[in-house]
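Asker: I am attaching a structure below and will ask some questions about it afterwards.
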C-alpha cells in the first residue's frame with residue numbers, strides 16, 4: 001500500500017482508497033455476513049424510506065482540514081464545489097417539498113463562495129438550517145470571522161466535531177493545533193449566544209472515536225464533555241452526538257494500514273442492532289452531492305451509490321417519487337447499526 | 001511462534017462452559033451484572049478493571065479493558081493514572097511489610 005500523506009487527500013495521492021469500487025470490493029470480500037441478510041433476519045426485508053425529514057446537502061469537498069477519519073476525503077486540494085445553479089435546483093426542490101429542514105455539510109461548507117447566499121435563500125424559504133462546521137474555519141481567514149453573527153442572524157443550528165475535551169485525541173484525528181482553535185471558535189459562538197440558555201441558538205458537538213473502537217454511551221459522554229469544557233474553558237453547548245466511524249475512505253484506509261480492519265468489522269457486525277437499523281437516518285433523509293445527484297446518505301454519496309430511482313438528480317426532484325423508495329445498502333452500513341446506532345444526529349437506539 | 005498466551009484465546013473465553021456448563025454460565029451471568037451501570041458507572045468500572053488487570057498481570061484482561069476503557073470515553077492520561085493506582089498499591093503492599101522487617105530487626109538487635 002502506498003504511504004498515506006496526512007496533508008493531502010487520498011484522491012490527490014492517487015490512492016486506491018479514494019475509489020468507490022476498490023472500497024466496496026474490499027468490504028464485500030471481508031467474509032462477513034452480508035448486511036442485507038442481517039436486515040432480513042431482523043424482519044426488515046423491505047428496507048425503504050418512511051418519509052422525508054431532512055435534505056442533507058453537501059456543498060463541496062473543499063476543506064481547510066485533512067482529518068484522518070474523513071469519509072469525504074475532504075481537504076484544501078478538493079475542488080468539487082456546488083455551483084449556484086445546483087443550489088437553485090435544491091431551493092426549487094425544497095419549495096416543492098413539505099420537508100423544510102436542511103443540513104449543510106462538506107468539506108467545510110463555509111468555503112463554498114455561494115454559502116452565505118444559499119443560507120439566506122434557505123432562510124427566506126423558512127427552512128430550519130443546520131451547518132456542519134469544523135470550527136477552525138471561523139479562524140482560518142478574516143472573511144470568516146463574522147460567521148458566528150451570520151449564523152445567529154439566520155438561527156442556524158451549528159453542529160461541530162470535537163472528538164475529545166483535550167488536545168491529544170483531537171489533534172491526533174483532526175490535525176495539529178485543531179483543538180486550540182476549536183476552543184477559540186466555540187468561545188466566539190458562545191459569545192453571540194450559542195449554547196446559552198433561552199438564546200434559541202443551538203450548538204451541538206459531535207464525538208467520534210479517535211481510533212479503531214466504538215463510541216461510548218452518548219449521555220455519559222455528554223456529561224463529561226459539559227463538565228470538562230465548562231470547568232476548563234468556560235464553554236457551553238447543547239447536545240453531544242456520539243457517532244461511529246464508518247469503514248470507508250480515509251477511515252477504511254487507516255483501519256487497513258493499522259491492521260485493525262478485520263477486528264473492527266467483526267466488532268461492527270457482532271454489535272448489529274435491529275432497532276438501530278429500523279431507526280437509521282437513511283429512512284427519512286435525502287443526500288444531495290455537490291453536483292446535484294441524489295443518495296440515501298452522505299456515506300453512499302462517497303461510495304457513489306445513487307438512489308434506487310430513475311430520477312437521480314435534484315433537478316428531477318418530485319416529492320411523491322421519493323417516498324417509500326428502497327434504500328441502497330452495503331457492508332459499510334454496519335457502521336450505522338452497531339450498538340446504540342449512529343447517525344448525523346447521534347445514537348438511534 | 002508458540003507461546004503460553006495467545007491473543008486469539010480471549011475470544012474463546014466463553015467456551016469455558018464446555019467443560020463445566022453450570023458454573024461457567026453462572027460466572028458469566030455474574031460478570032455481566034457486575035459491569036452494568038450501578039452505584040458506579042460503566043466507565044468507573046472499566047478503569048477499576050484496567051487497574052486490576054495490571055495488578056494481576058493478565059494480558060487478556062489488559063487488552064480487553066484497554067479497549068473497553070477507550071469505548072467508555074477514557075483517554076490515555078486517565079488510563080495511565082489507573083495503572084499507577086495499581087502500581088502504587090502493589091508497591092505499597094511490598095513497602096508496608098518493611099515495617100514488619102523493621103519490627104523484627106529491632107527485636108533481634110541490641
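Asker: For residue B:70, work out the one condition from (1) more than 20 Å from residue A:339 (Cα to Cα); (2) within 14 Å of chain A (Cβ to nearest Cβ); (3) without any contact (Cβ under 8 Å) to a residue 12 or more places away in the chain; (4) assigned to a helix (DSSP H, G or I) it doesn't fulfil.
Answerer: Status for residue B:70: all satisfied but (1).
Asker: If I filter the stretch B:4-14 for residues that are assigned to a helix (DSSP H, G or I), away from chain A (no Cβ under 14 Å), at pLDDT 95 or above and within 26 Å of residue A:162 (Cα to Cα), do I get at least one hit?
Answerer: The answer is no; no qualifying residue exists.
Asker: Right, something else. Which one is surrounded by the most Cβ atoms within 10 Å (Cβ to Cβ) among residues in the stretch A:211-224 that are assigned to a helix (DSSP H, G or I) and facing another protein chain (nearest Cβ under 9 Å)?
Answerer: Looking at the filtered set, the residue picked out is A:221.
Asker: Testing residue A:163 on (1) more than 16 Å from residue A:63 (Cα to Cα); (2) crowded, with 16+ Cβ neighbours inside 10 Å; (3) modelled with pLDDT of 95 or more, one condition comes back false. Which one is that?
Answerer: Failing condition for residue A:163: (3).
Asker: Sticking with this structure for a sec: Given the conditions (1) within 30 Å of residue A:215 (Cα to Cα); (2) part of a helix (DSSP H, G or I); (3) without any contact (Cβ under 8 Å) to a residue 12 or more places away in the chain; (4) away from chain A (no Cβ under 14 Å), report the number of the one that residue B:85 does not fulfil.
Answerer: Every condition holds for residue B:85 apart from (3).
Asker: Another question, if that's okay. Can we say residue A:287 is under 20 Å from residue A:301 (Cα atoms) and at pLDDT 95 or above?
Answerer: Yes; evaluated as a whole, the condition is true for this residue.
Asker: Select from the stretch A:225-246 the residues that are more than 13 Å from residue A:347 (Cα to Cα), within 14 Å of chain B (Cβ to nearest Cβ) and either at pLDDT below 95 or in contact with a helix residue (DSSP H, G or I) (Cβ under 8 Å, 6 or more places away or on another chain) (or both) and list them in ascending order.
Answerer: Matches in the stretch A:225-246: A:229 only.
Asker: Could you please give the count of residues in the stretch A:145-196 that are within 14 Å of chain B (Cβ to nearest Cβ), free of Cβ contacts under 8 Å to residues at least 40 places away in the same chain and either in contact with a strand residue (DSSP E or B) (Cβ under 7 Å, 6 or more places away or on another chain) or over 19 Å from residue B:76 (Cα atoms) (or both)?
Answerer: Summing the residues that are within 14 Å of chain B (Cβ to nearest Cβ), free of Cβ contacts under 8 Å to residues at least 40 places away in the same chain and either in contact with a strand residue (DSSP E or B) (Cβ under 7 Å, 6 or more places away or on another chain) or over 19 Å from residue B:76 (Cα atoms) (or both) in the stretch A:145-196 gives 0.
Asker: Considering every residue within the stretch B:20-27, establish whether at least one is away from chain A (no Cβ under 14 Å), outside any loop (DSSP other than H, G, I, E, B) and exposed (fewer than 10 other Cβ atoms within 10 Å of the Cβ).
Answerer: Yes: the stretch B:20-27 contains one or more residues that are away from chain A (no Cβ under 14 Å), outside any loop (DSSP other than H, G, I, E, B) and exposed (fewer than 10 other Cβ atoms within 10 Å of the Cβ).
Asker: State whether the residues of the stretch B:89-107 include one that is farther than 22 Å from residue A:165 by Cα and within 12 Å of another protein chain (Cβ to nearest Cβ).
Answerer: no
Asker: Regarding the stretch A:168-176, can at least one residue be identified that is modelled with pLDDT of 95 or more, within 18 Å of residue A:61 (Cβ to Cβ) and out of contact with any helix residue (DSSP H, G or I) (no Cβ under 6 Å at 6 or more places or on another chain)?
Answerer: Scanning the stretch A:168-176, I find no residue that is modelled with pLDDT of 95 or more, within 18 Å of residue A:61 (Cβ to Cβ) and out of contact with any helix residue (DSSP H, G or I) (no Cβ under 6 Å at 6 or more places or on another chain), so the answer is no.
Asker: On to the next question. Which one of A:48, A:108 is surrounded by 23 or more Cβ atoms within 10 Å (Cβ to Cβ) and on the phi < 0 side of the Ramachandran plot?
Answerer: So the residue among A:48, A:108 that is surrounded by 23 or more Cβ atoms within 10 Å (Cβ to Cβ) and on the phi < 0 side of the Ramachandran plot is A:108.
Asker: Of all residues in the stretch A:197-210 being in contact (Cβ under 8 Å) with a residue 40 or more places away in the chain and part of a loop (DSSP other than H, G, I, E, B), which is nearest to the other protein chains (Cβ to nearest Cβ)?
Answerer: Among residues in the stretch A:197-210 that are in contact (Cβ under 8 Å) with a residue 40 or more places away in the chain and part of a loop (DSSP other than H, G, I, E, B), the one nearest to the other protein chains (Cβ to nearest Cβ) is A:209.
Asker: I'd like to know if the stretch A:232-249 contains one or more residues that are in a helix (DSSP H, G or I) and buried (at least 20 other Cβ atoms within 10 Å of the Cβ).
Answerer: yes
Asker: Can you tell me which residue is modelled with the lowest pLDDT among those in the stretch A:298-349 that are within 18 Å of residue A:61 (Cα to Cα), part of a loop (DSSP other than H, G, I, E, B) and in contact with a strand residue (DSSP E or B) (Cβ under 8 Å, 6 or more places away or on another chain)?
Answerer: Only one residue fits best here, namely A:344.
Asker: Listed residues A:295, A:264; which is at pLDDT 95 or above, touching a helix residue (DSSP H, G or I) at 6+ places or on another chain (Cβ under 9 Å) and within 17 Å of residue A:326 (Cα to Cα)?
Answerer: Unique residue meeting the criteria: A:295.
Asker: Now a separate question. What's the number of the condition residue A:329 fails, among (1) touching a helix residue (DSSP H, G or I) at 6+ places or on another chain (Cβ under 9 Å); (2) surrounded by fewer than 23 Cβ atoms within 10 Å (Cβ to Cβ)?
Answerer: Unmet for residue A:329, out of (1) touching a helix residue (DSSP H, G or I) at 6+ places or on another chain (Cβ under 9 Å); (2) surrounded by fewer than 23 Cβ atoms within 10 Å (Cβ to Cβ): (2).
Asker: Let me ask something additional. Name the single residue that is farthest from the chain's Cα centre (by Cα) among those in the stretch B:39-65 being within 14 Å of chain A (Cβ to nearest Cβ), surrounded by fewer than 17 Cβ atoms within 10 Å (Cβ to Cβ) and part of a helix (DSSP H, G or I).
Answerer: B:44
The values are calculated or read from the model by the stated rules, or taken from the named source; none is laboratory data. Quick caveat, the model's predicted, so the values are computed rather than measured. Methodologically, a virtual Cβ is constructed for each residue, glycine included, from the backbone with ideal geometry; neighbour enumeration extends over all protein chains shown.
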